[in-house]
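To keep things clear, I will list the structure first and then write my remarks on it.
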Amino acid sequence: MLTAFAANALKVAGQSPAQSPAPTIDPLHAWVSGNDPAGLESWVNQRLAEEQADIDKLLAVTGPRTVENTLRPFDDAQNQLALANNNAFLDYSLADAAALRDKGQALTAKISSVATELSLNPKVYAALAAVPLPANDPPTRHYLERTLLEYRLSGVDKDDATRAKIRALNDKITDLGLKFGRNVADGTLKITATKAELDGLPADYIALHKAAADGTYTLTTEQPDVQPVMTFAKSPELRRRMFLAYNGRAYPQNVQVLKDLLTARQDLATILGYAHFADLATADQMIGSAANVQAMLNQVDEASRSAAHTEFAQLLAFAQQREPGLKSISQSDAGYWNEQYRRAKYDFDAQSVRPYFPYDQVRTGILKTAARFFHVEFRQVKDAVVWNPAVDTFDVFDSAEASKGKLLGRIYLDMHPREGKDKWFSSAPVIPGIRGRQLPEGMLICNFSGGNAGDPGLMQYSEVVTFFHEFGHLMHHILGSQGGWSAAGGFNVEGDFIESPSQMLEEMFHDTAILQSFGKQYQTGETIPASLIAKMNAASAYGRGYWLQRQLIFASYSLQVHNTAPATLDFDALAKQDDARFNLFTPVEGDRYYASFTHLVGYTSNYYTYVLDKVIAIDFFAQFDKRNILDGPTAMRYRRAVLEPGASKPAAELVKDFLGRPQNMNAMKSWMNEEFQPPLAAAK
Ligand SMILES: [Zn+2]
């Protein structure tokens with residue numbers, strides 16, 4: 001199983017085998033060659049030199065342009081850029097040493113600058129435009145057409161001076177985005193709590209925090225500390241402090257960074273002939289325009305508004321029973337009252353499922369579930385060279401009938417918090433795939449409980465779902481990156497489709513058989529009771545209306561800040577305006593969530609992706625036979641139609657190929673009003 005990777009490694013390293021042994025350079029994995037700033041830098045520089053050589057080769061062609069002599073070296077150059085970027089990003093996000101993270105950041109900016117330069121190279125554009133569109137090879141045709149579109153959107157047809165300006169703006173945007181992210185990652189805040197304020201929190205949570213000499217406890221804004229407080233702590237004061245600390249962990253330092261970032265983006269849009277950045281950012285997306293985004297958000301608002309009001313009224317009435325005189329529910333109390341309401345109405349306590357979901361067991365269960373659903377097999381690679389001993393590595397093999405046993409790629413799981421490590425939950429490519437030459441590899445960057453000796457890492461159900469969601473991105477990358485072009489893999493599909501496959505997987509985790517296959521009490525081994533799952537499902541179906549309304553806040557905010565002249569932008573006023581429109585909970589005074597809203601960097605104006613993709617995901621899931629989700633024929637049909645093509649066709653076609661029509665709101669409407677049967681009746 002290692003040979004395919006070794007063969008890749010030989011390709012570049014073995015240039016002069018007769019000479020004295022040159023230091024072995026792994027051209028795909030920077031961390032193998034040198035886990036230090038100098039090693040990373042020289043590795044990245046080699047990738048960039050390869051990229052330049054590919055472009056030189058492309059430009060040196062005389063005679064007629066063809067796919068082989070022009071698009072191929074172009075894709076090779078893209079491949080080198082992706083390798084450089086993925087590896088630099090890996091160290092930026094995951095390295096233990098601050099110096100290596102800094103180097104990763106600096107190199108990410110440098111690589112981005114090289115990519116910008118390539119995207120503004122008129123000679124390369126002219127060469128690509130001269131390649132005849134292949135009539136009988138639709139994936140290649142689509143790749144070429146899309147590449148040309150991206151070139152036009154980047155401003156390649158502008159004069160020299162304008163292109164220089166565009167380049168400078170892109171560099172600035174990259175720098176500011178990285179800065180924003182780092183401020184969030186490094187902005188861990190601490191709050192202190194009295195013993196009494198920890199009332200309601202799980203015993204294992206309290207046990208992990210030792211009291212200081214004065215009897216107080218220190219909590220941080222790291223994920224494993226935050227969520228239990230917001231869900232279980234009885235003290236509204238503690239919840240409020242944690243909420244403000246968490247959302248404020250990069251405030252005020254990110255306010256100016258965000259302003260500068262939005263200004264640079266607007267300047268770029270103006271040069272490229274767009275009124276606002278949101279128009280530019282949607283021009284190559286499935287949705288097509290900022291106006292279409294607004295229309296879609298309005299539709300979802302209309303579909304979810306009345307459900308949200310009904311749910312909120314129930315929640316408020318309940319809270320008022322418990323606390324007579326309560327006028328409203330604060331945003332920082334939403335998680336707590338949700339939990340209380342679910343316990344009372346559905347007899348469901350989110351803590352009661354945690355003992356069934358210790359981290360190691362969940363990991364095994366998710367791998368097994370994914371293996372069945374995606375028709376693959378995972379084999380752990382114990383001796384893989386990784387960037388941190390905490391990382392687990394698996395090779396992915398095909399188990400579909402026609403191609404059983406074929407090695408498809410490799411995945412790395414980096415799953416628990418470390419100091420300096422990125423604080424969020426995400427999935428990222430490590431290596432793009434090229435059929436016959438290079439197998440895709442990807443990684444999960446997560447911050448789940450567990451990973452320390454003696455801590456079983458009991459997970460909340462929502463964390464289990466997040467794990468599967470991120471795992472879905474990884475599988476999209478592995479299965480969708482088996483084609484001939486490096487830059488047309490699973491992660492290269494239009495950005496506003498990318499969440500659909502993962503959001504669909506979330507729906508699978510209501511299934512009793514699936515949850516029972518790995519939900520076992522960590523001390524006794526008892527299987528999670530069907531009655532408990534039924535209660536949990538009923539409880540989780542509650543609140544979908546205002547969950548969507550909350551998503552509309554984020555989607556509107558990200559659209560508006562990119563659809564407004566930055567000079568007139570008031571972050572707080574805009575947040576108030578969205579709250580007034582969508583938020584039934586009372587905003588917390590001093591909430592500066594936008595200063596740590598990292599989606600504004602990666603998704604820019606396009607947070608709507610989550611809303612649109614939820615609509616598609618629910619529509620997708622409605623096609624499955626609920627009695628046999630994993631082993632029925634739909635799973636393979638889904639893999640073939642939606643995942644395997646990667647970015648070899650427009651996302652709208654992937655949707656149509658699977659559904660037989662474009663997505664619509666019908667499944668979403670029933671999902672929102674889904675009344676799970678009363679718990680006991682549903683229990684088997
Ligand atoms: Zn996702």
Query raised in the report: So how much slack lies between A567 and N673, counting 0.36 nm per residue of separation and subtracting their Cα-Cα distance, in nm?
Result: 34.0 nm
Report task. Rounded to the nearest Å, what's the spacing between the alpha carbon centres of region 29-52 and region 416-490? Just the number, please. Result -> 22
Query raised in the report: Tell me which aspartates and glutamates have Cα within less than 17 Å of K179's Cα, excluding those fewer than 8 residues away on the same chain?
Result: D91, D102, D171, D260, D422
Report summary line: Per the rule of 0.36 nm per residue minus the C-alpha distance, extending A135 to Q523 adds in nm 133.5 nm
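Determine the relative contact order of region 564-684: mean sequence separation of Cα pairs under 8 Å and six or more apart, normalised by residue count, in whole percent. Spell out each step's value before the answer.
Numbers: 48 pairs, mean separation 26.9, N = 121.
22 percent.
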Report summary line: Residues whose modelled amide H sits under 5 Å from the amide H of T586, counting only those 5 or more places away in sequence or on another chain, are I329, S330, Q331
Query raised in the report: What relative contact order, as a whole-number percentage, does region 52-199 give when Cα pairs under 8 Å and 6 or more residues apart are counted?
Result: 22
Query raised in the report: Within straight cross-link reach of K535, meaning Cα distance under 24 Å, which lysines are found once same-chain residues fewer than 8 apart are removed?
Result: K234, K345, K520, K614, K626, K669, K684
**Report entry** Gap separating the Cα centres of region 493-543 and region 180-214, nearest whole Å
**Finding:** 28
Query - Alpha carbon centroid spacing (whole Å) that separates region 225-243 from region 287-325 - result: 23
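Between E323 and K368, what FRET efficiency follows from the Cβ-Cβ distance if R0 is 45 Å, with the result rounded to 0.05?
0.55
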Requested in this report: Please label the shape of region 210-339 as rounded, prolate or oblate, based on the square roots a ≥ b ≥ c of the eigenvalues of the alpha-carbon gyration tensor (a/c under 1.5 means rounded; beyond that, a/b larger than b/c means prolate, else oblate).
Outcome: oblate
Report summary line: So the FRET efficiency between K626 and D657, C-beta based with R0 = 22 Å and rounded to 0.05, is 0.50
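Which FRET efficiency, nearest 0.05, do D455 and L574 yield, Cβ-Cβ r, R0 30 Å?
0.15
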Query raised in the report: Let a ≥ b ≥ c be the square roots of the eigenvalues of the Cα gyration tensor of region 312-353; is it rounded (a/c under 1.5), or, if not, prolate (a/b larger than b/c) or oblate?
Result: prolate
Query - Linear extension gain, K345 paired with A161, 0.36 nm per residue minus alpha-carbon span - result: 59.7 nm
Requested in this report: Using the Karplus curve 6.51 cos²θ - 1.76 cosθ + 1.60 with θ = phi - 60°, work out ³J(HN,Hα) for each residue of region 300-313 in order, rounded to whole Hz, and write x for Gly and Pro.
Outcome: 5, 4, 4, 6, 10, 4, 6, 4, 4, 5, 4, 4, 5, 4
Report task. List the relative contact order of the chain as a percent without decimals, with contacts defined as Cα pairs under 8 Å and 6+ residues apart. Result -> 16
Query raised in the report: Angle, helix 72-94 long axis vs. longest principal axis of the chain, Cα atoms, 0 to 90°, nearest 10?
Result: 40
Query raised in the report: Pairs of lysine in region 64-178 with Cα under 21 Å and at least 8 positions apart or on different chains: total?
Result: 6
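Given the rule -39500 (n - 2.57) for each run of at least 4 DSSP H residues, summed and divided by the residues of the chain, what is its mean residue ellipticity at 222 nm, to the nearest 500 deg cm²/dmol? Write down the numbers at each step before the final one.
On the way: 29 runs with 375 residues, N = 684.
-17500 deg cm²/dmol, from helical runs alone.
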Report summary line: Taking a crude spin-label model, label points 7 Å out from Cα along the C-beta direction, the S42 to T194 distance in nm is 6.0
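No value in this document is a laboratory result; all are computed from the given coordinates. Treat the numbers as computed from the prediction; the structure is a model and nothing was measured. Every residue, glycine among them, receives a Cβ derived from its backbone with ideal geometry; neighbour counts consider all protein chains shown.
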